[in-house]
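The values are calculated or read from the model by the stated rules, or taken from the named source; none is laboratory data. In this text, all values refer to a predicted model and were calculated from it rather than measured experimentally. Cβ placement follows ideal geometry from the backbone for every residue including glycine, while neighbour counts extend to all protein chains displayed.
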Amino acid sequence: MVFSELHDITIYYSRSQGIRIFNEDGLKIGNLNDFFVNYEEVYPLVLAIQYRRNNQLFYINWDDVLKFSYKRIVVKNDFFIGRSRTFPKIQGRKVVTSVLTKPVEQTLEYPALGKIVMDRQIVDTHGKKVVRVNDIQFMKSGPHLRVTHAAIGIRSMIRRLGFEKPVDLIFRSLNPKSSYLHGDVLINWKYVHAIPNRRIQSNLELNLSNDDIKDIHPADLADILEDLDNQGREIIFDQLDPKTAAEVLSEVEEDIVKVLIRDDTPEETARILEEMDSDDAADILNDLDDKIAKEIISKIKDGEFQEDLTELLEYDEDSAGGLMSTDVFEVSPGLKKAEVMKFITEKYEDLETIYDIYVTSPDEELLGTCSLHDLLTQSQDICIEEIMNTNDIKSLPPDTYWREVAHFMSKYNLINVPIVSEDNKLLGLVTVDDVLPWLLGE
């Protein structure tokens, strides 16, 4: 049996480093350096062990391992020697796992496990956070080993440094009930998304089509990106579809936005901005060089959206015009309730808000407002002009300073406020969400 000399169910990467490797005749082969695993599996199977001899790196297939323990590893006399820093794995199907995806038929050069994960940042998709791995836990599976957890926290760090036993002794004498003594902080491997470096990225592609990543709320994903270094941010962001990328860009800090899109072509940035609300897209363009911003706008295919952005960029960023979105729920006065409700069901995803309905003339003049609540309580055949409010409509001009906008909305308890021109044409809408970042920034 491979593990006849090892009684522990779990094995730690840190404790395995440097284990001496012998053949059946007792001839020393080298010292264990790392593991090669099958990244295509949720709980990767160990495929080979990497060892060092005379400062050279080699590998031995796991099938040639006869005995494995912390004291020694015994391999067959006629074991196959592979001389490489990577492990060749023939790939012939699309795989979707927590570490990689490669949809083409080719031989992948798998890097060693520790090289990808140890002392590196990973994304914990369950806890929705970025952590640094101190150790890796394996579990015996018949005659094989599988990766099951990434270990983080102080205890795994102490074990990695080789001081686990003396530190345990100190804690037991001072505080036997210390939480430190009751196990590691572990992350189930199925929630681990490694962030490979640039060189490893040529062999492995971080998979973001996994449901664990796709289901992370954009705000949480933005927090994850903010916790990563620039390289990790770019690797993750570059794999997002335009819609998800747009939602994330709306949540991250301004300086990080620049990092995320700095290597994108104007066409790529345009595709992302088209998925955003016009005010959010304008905020991003405002922070870019004018020449670059104009080039990106020129690549936007939606003519109306392109025009909206051009108009928004004419306003100061800290004014009502700079804050507003042009995605306003406006209807003509002759529409009946049933028609308005149908319009809501068809267009709600493209609208900034539907708390209030804005009634406009053919030349965009603001005629009245109607809350969705008031509309819902009316009969299906009533026209909106019969129930709209035309008296004392609360609105502001586009040059209103943001602090005045906030005060105005607070004074009248408004969720949103329409922005109108001197001749009362509806230009856009400022919501509480548009003002809040400015208030929080003070």
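Looking across the range 404-435, the residues that are of a type in the set (Asp, Glu) and over 20 Å from Asp283 (Cα atoms) come down to Glu422, Asp423.
Residues are listed down the side, and each one gets a yes or a no for (1) out of contact with any Gly (no Cβ under 7 Å at 6 or more places or on another chain); (2) hydroxyl-bearing (Ser, Thr, Tyr); (3) assigned by TED's automatic domain parsing to the domain that holds Ala282:
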{"position": "Lys294", "(1), (2), (3)": "yes, no, yes"}
{"position": "Ser298", "(1), (2), (3)": "yes, yes, yes"}
{"position": "Gly303", "(1), (2), (3)": "yes, no, yes"}
{"position": "Glu307", "(1), (2), (3)": "yes, no, yes"}
{"position": "Ser319", "(1), (2), (3)": "yes, yes, no"}
{"position": "Gly322", "(1), (2), (3)": "yes, no, no"}
{"position": "Ser325", "(1), (2), (3)": "no, yes, no"}
{"position": "Leu335", "(1), (2), (3)": "yes, no, no"}
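When you look at Pro362, is it crowded, with 18+ Cβ neighbours inside 10 Å and part of a loop (DSSP other than H, G, I, E, B), yes or no? In short, no.
Tell me yes or no: at least one residue of the range 51-65 is touching a residue at least 40 places away in the same chain (Cβ under 8 Å), surrounded by 13 or more Cβ atoms within 10 Å (Cβ to Cβ) and farther than 15 Å from His144 by Cβ. Taking every residue of the range 51-65 in turn, none turns out to be touching a residue at least 40 places away in the same chain (Cβ under 8 Å), surrounded by 13 or more Cβ atoms within 10 Å (Cβ to Cβ) and farther than 15 Å from His144 by Cβ.
Within the range 306-323, is even one residue part of a strand (DSSP E or B), under 22 Å from Pro418 (Cβ atoms) and touching a Pro at 6+ places or on another chain (Cβ under 7 Å)? Scanning the range 306-323, I find at least one residue that is part of a strand (DSSP E or B), under 22 Å from Pro418 (Cβ atoms) and touching a Pro at 6+ places or on another chain (Cβ under 7 Å), so the answer is yes.
Taking Glu404, is it of a type outside the set (S, T, N, Q) and either at pLDDT below 95 or outside the structural domain of Leu436 (by TED's automatic domain parsing) (or both)? The answer is no for Glu404.
Among the residues of the range 87-96, the ones that are modelled with pLDDT under 85 and in contact with a strand residue (DSSP E or B) (Cβ under 6 Å, 6 or more places away or on another chain) come to 4 in all. Identify, please: which residue in the range 248-288 is of a type in the set (Asp, Glu) and not in a helix (DSSP H, G or I) and is, among those, surrounded by the most Cβ atoms within 10 Å (Cβ to Cβ)? Here the answer is Asp277. Has the range 1-23 got any residue that is modelled with pLDDT under 95, surrounded by 18 or more Cβ atoms within 10 Å (Cβ to Cβ), in a strand (DSSP E or B) and aliphatic (A, V, I, L, M)? Yes, the range 1-23 contains a residue that is modelled with pLDDT under 95, surrounded by 18 or more Cβ atoms within 10 Å (Cβ to Cβ), in a strand (DSSP E or B) and aliphatic (A, V, I, L, M). Only one of the numbered conditions (1) of a type in the set (Val, Ile, Thr); (2) under 42 Å from the mean Cα position of the chain (by Cα); (3) under 30 Å from Ser410 (Cβ atoms) is not met by Thr390, and that is (2).
Just name the residue that is surrounded by the fewest Cβ atoms within 10 Å (Cβ to Cβ) out of those in the range 327-344 that are more than 39 Å from the chain's Cα centre (by Cα) and under 12 Å from Cys370 (Cβ atoms). By that ranking, first place goes to Pro333. Just one of the listed residues (Asp283, Asp290, Asp277, Asp264) is without any contact (Cβ under 8 Å) to a residue 24 or more places away in the chain and within 24 Å of Asp220 (Cα to Cα), namely Asp264.
For the range 392-435, a residue qualifies if it is assigned to a loop (DSSP other than H, G, I, E, B), of a type in the set (Val, Ile, Thr) and free of Cβ contacts under 8 Å to residues at least 40 places away in the same chain, and exactly one does: Ile393. Is there a residue being charged (D, E, K, R) and either in contact with a strand residue (DSSP E or B) (Cβ under 6 Å, 6 or more places away or on another chain) or at pLDDT 85 or above (or both) anywhere in the range 97-108? Looking through the range 97-108, at least one residue is charged (D, E, K, R) and either in contact with a strand residue (DSSP E or B) (Cβ under 6 Å, 6 or more places away or on another chain) or at pLDDT 85 or above (or both).
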